[in-house]
Every structure is written in C-alpha cells, then in structure tokens.
Amino acid sequence: MSTFVKVLRNTAIVLIALYLALFGLTKAIRYPEPIASIRLGLAPASQTPDLMPSHWIVAAPSTFAPWKTVAAEQIGGVTFDGQPLGLQEFLDATNTNALLVIRDGEISYEYYKEDKFKNSRLPSYSVGKAMTALVVGQLIDQGKITESDTFVSYFPEYKTGGSFDKVTVQQLLDMQSGVGVSDNYPSGPSGWGVAIAQMYASTDIPWFIGNNRKMDFEPGTESVYRSVDTQMIGMIIQKVTNQSVSDYFTANIWQRVGADFDATWNVDKVGGYEKTFCCFNAVARDYARIGQLILDDGVVPFDKQQVISSSWMKRITTPATRLDYGWGYGAFFWHPYPGVTLMLGLHGQYVYIDIPNETVIVKLSDEPTDVENSPEVAAVLKEISEKR
C-alpha cells in the first residue's frame, strides 16, 4: 500500500470518527446532526426557514379581499445613524430583503431586493413572539389561561421546589420570569454551546426546559429580555388547546385576517413544539396583515370581525415595563415611541405600527448577528411613517 493511500485511509478514518463523535454529542444535547447544525449556524437569516422542521399555517385567501395598492409614494432621503442617505442606500446598508409601507390600509410602497422575495416565506425571529401573544390573548379572553397562573400549574413535572415554581404567565409575558437562559446570541457555529442557541436549534424543547430551570433572579423583581419566557408560554398554549400552536393560529388568526400565503412555524420536531420565541416564517404582505390587524384595534377591516379583543389590544399596545434601549415593552410587543407598537426580531425584522399616523411598515432583513442597530433603524421607520 502506497504512502499516499495510507494517508488517505487514515484521514478518512479520523474524519469518520470525528463525525461519529459529533453525532453522538448532538444527539446527547438534542441538536440536529452535525452537518445540519453547521448549515443552520452559517446560513443567512433568509435561508433558515427550511433548515429546521416546521408545521404549516394554511392560508385561505380566496375568501377575503386582496390588498389595495396606490401609486408608489416618493419617500426620498432618510437619516440613518446621523447620516443623510437615499432610501435605497439605507436599504442596502441594512441588508433589506423587503420593505412595505401601508397607509390607511393600502400599500403605498413596496420593495424587494430580489423578485423571489415577494412570494418567499421570510423569517421573523422574535417577531414570532408577537404572534404568540395574539394566541395567548385569545385564550386569556376565553378564560382558559389567567395571567396569575404559574407555569408549573400546567406542567407540575417541572417543579423544582424553588423560585422557578413561582413563575407566572404575566411574568413570562412581560419578561420578568428570571429564568436563567440569556439571549446572548453567538456568531457562527463556534458559539452554539450557549443556552439560547441550544434552544433555537433544539430537537426536544421539553428536554431543554427541563435542563434550564436555574433562576437568575426572583420572578417579578426585574425585567430582562429572555426568549425562554415566550417558549414557556408556547408550551402552555399547546397544553391548553390540545393542538399545535400552528393549527390554532391557522384557524383563529391567519385565515381570519385573510393571509394570502401559507406560513410555517419551525418546531423542535414534526408533531412536537413550535419554537414560539422565534421561527415564524411568512411572506412580507402577510406580516403586514398582522400589523394592520393591530392598527385596526384587532378588527379585520373587510369583514369587521373582532379577532383580538379590545381588552387584549390595550394590553399589547400599553407598555408594562422598560427593556433594551429604554423602550417600553409588554406582552411580547415593543413600544419605542408614543403611539407606536413594534414587533422586532433578530437580523433586522420589523413590523412597525404607528397608530396615530395609520401606518404599518414591514422591514425584513439579512443583518449579521453581531449588528445591533435597532434604535437607528426604528428612527428611520419613524421618519418614513411620519412623512404624510
């Protein structure tokens, strides 16, 4: 056997052994297999919806009125991070895949970086938290959940005998639980050992929660943004409804607002749990339908049906606490400015709802993980919204 063949054989043996070791590790920590984990860690935001299993959220568009469009408005220049830029320069600088402006219920501006993005399901990351809020609000209105309920009242098998057992629905909704899963997202696969990345990639959400019940502070004593809070709400929703969050959302939100396209919600495994802290994927125009629902006080404009109650609308449009950037926050919605309600997600996902100016703006992006410019982008969206 030649030296070259021996080296090739030994290299192959080492690579196979390494893969098998990594495969065993990923199984032990409930990750996807190694190649799938690496692909997920390296992919730009817009490519992630198809890299994890998902449940379908089925649209029923033929029953409802299509979007109305008007002549494209001329937005002109904006000020981004203190610098005057043309709109296209701003869109390029912030890796924008889609930008929609809805004025008075009509599309007045629509941009897609590539034609395919017009009909593509794009990820929302933490905008998915707001979708979760709409569902839990309906269940609270129905008396199936109360904000004073504890998480362990639904899942007694998770009791620790300590502070975790005191965490309530209200504290989860307002990021006051104290559950010690930090939202410090890593960049690339090298940091995928941190807890938030484990939850994002997890193939077994109940296992993850069971192994992450350590507390950072007493429930209700502080307000700290924690995605695990929304995941725990998602588990409660599934327990109470005895169906997947996607199925409930399909019948009670998506089809009722007249979504044009099917959406998806990534799950730990098919038939398992939606990753309700993130991972809702939809076409830009359908994110705008949800924004318009909020703008219209929970009423669908074309059939005048109240999808979200006035009491829950008040809850999600009223700050309960303050979090990052000094912005108001409550029930998984942000409030950066008076009269503005915002759905915000990692990598530059925004559904900006300016109630006084009757404007909804959707911005979906491929910003890198280490870019943090939400206040600067929100200021531009505010500027655009107020150009009436």
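What follows is calculated from the coordinates using simple rules that are stated; it is not laboratory data. Because the structure is a prediction, the values reported are computed rather than measured. Positions of Cβ are generated from backbone atoms using ideal geometry, with glycine treated the same way; all protein chains shown enter the neighbour counts.
Look at where the Cα atoms of the stretch 300-351 and of the stretch 127-181 average out, and the two centres are 18 Å apart. Of the peptides 306-318, 234-246, the ranking by mean beta-carbon count within 10 Å, highest at the top, reads 234-246, 306-318.
Rounded if a/c is under 1.5, else prolate if a/b beats b/c, else oblate: with a ≥ b ≥ c from the C-alpha gyration tensor eigenvalues square-rooted, which is the stretch 219-335? Here the stretch 219-335 falls in the oblate category. Across the options Ser374, Ser108, Cys278, the greatest Cα extent toward the positive end of the charge dipole of the chain (unit charges at beta carbon of Lys, Arg, Asp, Glu) belongs to Cys278. For Gly330, nonlocal amide neighbours, meaning residues 5 or more places apart or on other chains whose placed amide H falls under 5 Å from its own, are Ala320. Only sites in a loop by DSSP and with at most 14 other Cβ atoms within 10 Å count here; which GluC sites (Glu not before Pro) in the stretch 74-129 make the cut? Sites meeting the loop and neighbour criteria: Glu114. When only the Cβ of Lys, Arg, Asp and Glu is charged (+1, +1, -1, -1), the dipole of the chain relative to its Cα centre reaches about 1020 debye. In terms of packing, defined here as the mean over residues of other Cβ atoms within 10 angstrom, the peptides 333-344, 124-135 line up highest first as 124-135, 333-344. For a test of the definition: using alpha carbon positions, the gyration tensor, and the 1.5 limit on a/c, classify the stretch 47-385 as rounded, prolate or oblate. The shape class here is prolate. Among complete DSSP H helices in the chain, those whose alpha-carbon atoms stretch at least 20 Å along the helix's long axis and whose mean Kyte-Doolittle hydropathy reaches -0.5 are 3-28, 127-141, 227-241. Among Asp115, Asp286, sorting on how many other beta-carbon atoms sit within 10 Å of each Cβ, with the fewest leading, yields Asp115, Asp286.
Of the GluC sites (Glu not before Pro) found in the stretch 346-388, those in coil by DSSP whose Cβ has at most 14 other Cβ atoms within 10 Å are Glu372, Glu386. In a DSSP loop and with at most 15 other Cβ atoms within 10 Å, the chymotrypsin sites (Phe, Trp or Tyr not before Pro) in the stretch 203-250 are Phe217, Tyr225.
Ordering Thr96, Val300, Gln238 by Cα displacement along the dipole of the chain toward the positive end leaves Gln238 in first place; charges were set at the Cβ atoms of Lys, Arg (+1) and Asp, Glu (-1). Using C-alpha pairs under 8 Å with a sequence gap of at least 6, the mean separation divided by the residue count of the stretch 253-316 gives a relative contact order of 27 percent. The mean sequence distance of close C-alpha pairs (under 8 Å, at least 6 residues apart), as a share of the length of the chain, puts its relative contact order at 24 percent.
Taking the helices alone, the chain has a mean residue ellipticity at 222 nm of -10000 deg cm²/dmol, built from -39,500 (n - 2.57) per DSSP H run of at least 4 residues and averaged over all its residues.
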